[in-house]
Number of protein chains: 2
Amino acid sequence: MNLSATAPSSPRDPIQAEVVIVGAGPCGLFEVFELGLLGIGAHIVDSLAEVGGQCTELYPDKPIYDIPALPVCGAQELVDRLMQQVKPFNPQFHLGQEVSELTRRDDGRFVLRTAAGTCFETGAVVIAAGLGSFQPRRLGVPGCEAFEGTCIHYRIRNARDLEGRRLVLFGKKALRVDTEKFQTSVPGIFAVGDINTYPGKKKLILSGFHEAALAAFAIQHHLYPQKKQFLQYTTTSPIMHKRLGVPD
Amino acid sequence: MNLSATAPSSPRDPIQAEVVIVGAGPCGLFEVFELGLLGIGAHIVDSLAEVGGQCTELYPDKPIYDIPALPVCGAQELVDRLMQQVKPFNPQFHLGQEVSELTRRDDGRFVLRTAAGTCFETGAVVIAAGLGSFQPRRLGVPGCEAFEGTCIHYRIRNARDLEGRRLVLFGKKALRVDTEKFQTSVPGIFAVGDINTYPGKKKLILSGFHEAALAAFAIQHHLYPQKKQFLQYTTTSPIMHKRLGVPD
């Protein structure tokens, strides 16, 4: 995996991506895994210099007791385990880079730029930027109200379509999503983990994992609507084994 | 934990339960855990003589690759890990017993009986009986149509209120639930794991874990509607540590 910052790409020559995931915490990492199982590659952007989000930044040594089938797991250990799990899918990391702009094109694809100058053209965006213990603050930047709450980590200063209409993504603090696709009000922009909200939402890492899994199927359908979907199990499917690098 | 079959209890002297979980597969076990974190005790009934459901019965040695943060985990190992995780909550197991009757009383509580003669009076029921690779079959028993699909593992022959009205729990094959509480059409009866359905449902173990977590909160509210709910984290909460038996 390439964990170093990428060389800035010219806006004229953007990185062509299937999916860009904003946020390299546990849910962002598991989104890489679920997309990978479906044969979809992902780039992952984080404002922090390291992967792991809050787990790594705020409480790396603290034990977590409610990850299913891990009776006790250190927060950094959880991140390390997820990094091990995504290895077969070779995600491209772009760390230490805030998202500075997200624009939806008329053809439904997105242009995403970071403050470091990296530019992506992508078919879908997953916002996995946990609010965590951070409080949203008002930036006072005209046009960014819709993104308050994400602004601490991800200063998405502009999210507009090409005609200047602001993309309204969420309510007061969190991104409102449906519970089928975990898609925001903007088709092609998904949100998983602490940043999203829906009836019954609990900010649990294990919920983010489920959200990431269902979002992956929805993203596959968004990108490749003609493709027939069927659930394959990692226990038995030769295609899954091939993608995971497991000998059959 | 008491894994032996309980002595039959008289219908006149039923076991008083907060919650009865039907199905001791991974999702049923994790339901015990999530209820335990909320201070709620559970009895768990399974028609099989051992815990683990499909994992233990059908593919104990097969590796699973998509349990979050467990890059590879044998199916039996997954069950063993979950059994370790539920230990602090001392669940009462009633194995090798099919559910034979489920009746809703006028006061909203349930009477659940097993073919082995165990009788519970309970405030809530969680059906965690995975359909798995089993196909539903028609039993041809009048009154049980509503339960076809659950009938292979759990022959719930009668589910009626005291006036003989049949409790309609689901559609053709799976139990239809909402995605906030994972409750069936009968208040107080919840369903998690492979047996339930909702828009976007995928039969993934990790989805069952999320469903179990949200159902636990809904069950707490169902049993104790006056109680204020707030999410406490196992990483930091002294109450969670006390329940888990972790020294602060």
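Considered as a group, the residues in segment B:14-61 that are acidic (Asp, Glu) and within 13 Å of the chain's Cα centre (by Cα) include one that is surrounded by the fewest Cβ atoms within 10 Å (Cβ to Cβ), and that residue is B:Glu18. May I ask you to list the residues in segment B:183-204 that are within 14 Å of chain A (Cβ to nearest Cβ) and of a type outside the set (Phe, Trp, Tyr)? Passing the criteria: B:Gln183, B:Val192, B:Gly193, B:Asp194, B:Asn196, B:Thr197, B:Pro199, B:Gly200, B:Lys201, B:Lys202, B:Lys203, B:Leu204. One residue is enough: does segment B:203-217 have a residue meeting the conditions within 21 Å of B:Val86 (Cα to Cα), touching a helix residue (DSSP H, G or I) at 6+ places or on another chain (Cβ under 6 Å) and without any contact (Cβ under 8 Å) to a residue 60 or more places away in the chain? There is at least one residue in segment B:203-217 that is within 21 Å of B:Val86 (Cα to Cα), touching a helix residue (DSSP H, G or I) at 6+ places or on another chain (Cβ under 6 Å) and without any contact (Cβ under 8 Å) to a residue 60 or more places away in the chain.
Counting the residues of segment B:60-119 that are among the basic types (Lys, Arg) and farther than 30 Å from A:Glu211 by Cβ gives 4. The residues listed here are B:Glu101, B:Glu77; of these, the one that is under 30 Å from A:Gly245 (Cβ atoms), more than 15 Å from the chain's Cα centre (by Cα) and surrounded by fewer than 24 Cβ atoms within 10 Å (Cβ to Cβ) is B:Glu77.
Checking the condition on the phi < 0 side of the Ramachandran plot, surrounded by fewer than 22 Cβ atoms within 10 Å (Cβ to Cβ), at pLDDT 95 or above and within 12 Å of chain A (Cβ to nearest Cβ), which residue from B:Glu211, B:Glu180 passes?
B:Glu180
Which of the following residues is surrounded by fewer than 22 Cβ atoms within 10 Å (Cβ to Cβ), touching a Leu at 6+ places or on another chain (Cβ under 6 Å), at pLDDT 90 or above and part of a loop (DSSP other than H, G, I, E, B): A:Gly200, A:Gly123?
Numbers: A:Gly123 fails: part of a loop (DSSP other than H, G, I, E, B).
Only one candidate qualifies: A:Gly200.
For segment B:42-68, the set of residues classified as within 23 Å of B:Arg109 (Cα to Cα) and in contact with a helix residue (DSSP H, G or I) (Cβ under 7 Å, 6 or more places away or on another chain) consists of B:Ala42, B:Ile44, listed by residue number. Does at least one position in segment B:228-238 carry a residue that is within 24 Å of A:Gln232 (Cβ to Cβ) and either assigned to a helix (DSSP H, G or I) or modelled with pLDDT of 90 or more (or both)? No; the residues of segment B:228-238 include none that is within 24 Å of A:Gln232 (Cβ to Cβ) and either assigned to a helix (DSSP H, G or I) or modelled with pLDDT of 90 or more (or both).
Within segment A:195-243, the residues that satisfy the criterion of being within 24 Å of A:Thr122 (Cβ to Cβ) and more than 20 Å from the chain's Cα centre (by Cα) are A:Pro225, A:Gln226, A:Lys227, A:Lys228, A:Gln229, A:Arg243.
The values are calculated or read from the model by the stated rules, or taken from the named source; none is laboratory data. The structure displayed is predicted, hence computed values, not measured ones. No Cβ is skipped: glycine too gets one built from the backbone with ideal geometry, and neighbour counts run over all protein chains shown.
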